[in-house]
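Structure, as structure tokens:
The values are calculated or read from the model by the stated rules, or taken from the named source; none is laboratory data. Here the structure is a predicted model, which means the values were calculated and not measured. Every residue, glycine as well, gets a Cβ built from its backbone with ideal geometry; the counts of neighbours run over all protein chains shown. Surface accessibility is based on the protein's heavy atoms, side chains included, excluding ligands, DNA and RNA. Shrake-Rupley method; radii C 1.70, N 1.55, O 1.52, S 1.80 Å.
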Amino acid sequence: MVKEQANWSPYDNNGGTVVAIAGADYCVIASDTRMSTGYSILTRDYSKICKLADKSVMASSGFQADVRALQKVLAARHLTYQHQHNKQMSCPAMAQLLSNTLYYKRFFPYYAFNVLGGLDNEGKGCVYTYDAVGSYERVGYSSQGSGATLITPFLDNQLKSPSPLLLPAKDAVTPLSETEAIDLVKTCFASATERDIYTGDRLEVVILNANGLRREYMELRKD
Amino acid sequence: MSESVQVTNNLTNPEASSQRTLYPYVTGTSVVAIKYKDGILMAADMGGSYGSTLRYKSVERMKSVGKHSVLGASGEISDFQEILRYLDELILHDNMWDDGNSLGPKEVHNYLTRLMYNRRNKFNPLWNSLVLGGVKNGQKYLGSVSMIGVHFEDNHVATGFGNHLARPILRDEWKEDLSFEEGVKLLEKCMRVLLYRDRSAVNKLQIAKLTEEGMTISQPYSLKTFWGYGAFQNPTVGAEGSW
């Protein structure tokens, strides 16, 4: 009697790409708004970006049900934090919380590929990049998701990240201005959309700086 | 004295897997739904297939939920009936508060998402793809939930084959503020294509209309079909060797 196998998978990849770039006093977090399954498009108008705290914005691609559950867990934890400490969580604190939350499900992971962007305690832009089980590091820029393989080499070329092996440690934040960084992000997505079938429809860009949070949108190819 | 204690659970006991869903038995096929001027229109045929046998031909796959919503389901029919029981209890408790408040379609959609996701987490899914539509205080809402908890809302949704055959038609022809007649015509166009091309579709369907006033579901009826198209008679003309 051979044991019956399940013929369904608890995971699915709903596609999409996310990017974040840190500047001297701003942070840009961007994602496309396409949600797919297999070779079908489910919807062209789905946000992958979630504001977790005043100075922390997370963008996640991967399995949408897990991403939503992760966002809910973090939002709930942040609310508790606010009740207990009477202040918002800082971006570095949220970064650690996200890592711990992901590792908590190390043996049935959240299939979520995250990029956390925001302003650190000194007001400088910061970007943290993660894998599905919580391994993370602070970087000057990052890209995750289906178009990441197309975007990351381009950002490496344009932003020339200093080696983390250098002493003294060199800051990875880009010297680009806010407008230049937004333009760079738009270029990244326009390019990724050409060759990645899971990226497209519309680009959502969130910009965090000392004045607060604002959003910009750009149409992308829908094919 | 020695007592042997047997500890069994779903992971160590192979027979317990008969308690968890492995595959569906009686299934319904596509559900298609759109927003229109006054609310939501949803269509589903009345077939319940048992593998390749068309076992049941009068299955109502759309049901009203509370005052403001309608739920359509494809997939395992018994799991759909289970979901209706869960929703019954949800609506009952909502009514028992007797506070004038009532669960709207957004709330019911969220509840269903959590339900499906939690079952997926326990490796015992409800084998359905759900469509939840409704109107509350003039706000129209139309959402979808899959068996593993993937969910979204849009102006038009479909399950199963509907995603492949109906959505493209809707992307081309849906527009804001369709009249009731235009909406029904559009849904019938989608259902006709599904009838031609989906093996498990059956020519007996219902259309549910949901507005601020409530839900009405049509009597079952069938679509007129035409099988005399040249392409149907000679399907391989222009592509010799294909079928």
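Restricting attention to segment A:101-114, report how many residues are outside any strand (DSSP E or B), touching a Ser or Thr at 6+ places or on another chain (Cβ under 9 Å) and away from chain B (no Cβ under 14 Å).
Looking only at that region, the number is 2.
Look at residue A:41 and say whether it is modelled with pLDDT of 95 or more, part of a strand (DSSP E or B) and open to solvent by 10 Å² or more (accessible area, probe 1.4 Å).
yes
Determine the pairs where a residue that is assigned to a helix (DSSP H, G or I), located within segment B:72-97, has a partner that is open to solvent by 20 Å² or more (accessible area, probe 1.4 Å) and aromatic (Phe, Trp, Tyr) with Cβ atoms under 7 Å apart, the partner being 6 or more residues away or on another chain.
As it stands, the answer is B:79/B:127; B:90/B:111, since those pairs meet every condition given.
I'd like to know if segment A:201-223 contains one or more residues that are under 17 Å from the mean Cα position of the chain (by Cα) and outside any strand (DSSP E or B).
No: segment A:201-223 contains no residue that is under 17 Å from the mean Cα position of the chain (by Cα) and outside any strand (DSSP E or B).
Open to solvent by 40 Å² or more (accessible area, probe 1.4 Å) and either in a loop (DSSP other than H, G, I, E, B) or more than 10 Å from every other protein chain (Cβ to nearest Cβ) (or both): is that true of residue A:46 in this structure?
Judged against the criteria, residue A:46 is not a match.
Anything in segment B:126-175 that is among the basic types (Lys, Arg) and farther than 19 Å from residue B:106 by Cβ? List them, or say none. I'd like the intermediate steps shown before the answer.
Keep residues of segment B:126-175 that are among the basic types (Lys, Arg), which gives B:136, B:140, B:167, B:171, B:175.
Correct list: B:167, B:171, B:175.
Which condition number does residue A:117 fail, the rest of (1) part of a helix (DSSP H, G or I); (2) open to solvent by less than 30 Å² (accessible area, probe 1.4 Å) being met?
Condition not satisfied by residue A:117: (1).
Output the number of residues of segment B:98-137 satisfying the condition of being away from chain A (no Cβ under 12 Å) and in a loop (DSSP other than H, G, I, E, B).
8
Hey, does segment A:89-100 have a residue that's assigned to a strand (DSSP E or B) and either buried (at least 24 other Cβ atoms within 10 Å of the Cβ) or within 14 Å of chain B (Cβ to nearest Cβ) (or both)?
Residues of segment A:89-100 that are assigned to a strand (DSSP E or B), as a first pass: none.
Within segment A:89-100, not a single residue is assigned to a strand (DSSP E or B) and either buried (at least 24 other Cβ atoms within 10 Å of the Cβ) or within 14 Å of chain B (Cβ to nearest Cβ) (or both).
Output the residue which, of all residues in segment B:155-178 that are open to solvent by less than 30 Å² (accessible area, probe 1.4 Å) and assigned to a loop (DSSP other than H, G, I, E, B), is farthest from the other protein chains (Cβ to nearest Cβ).
B:178
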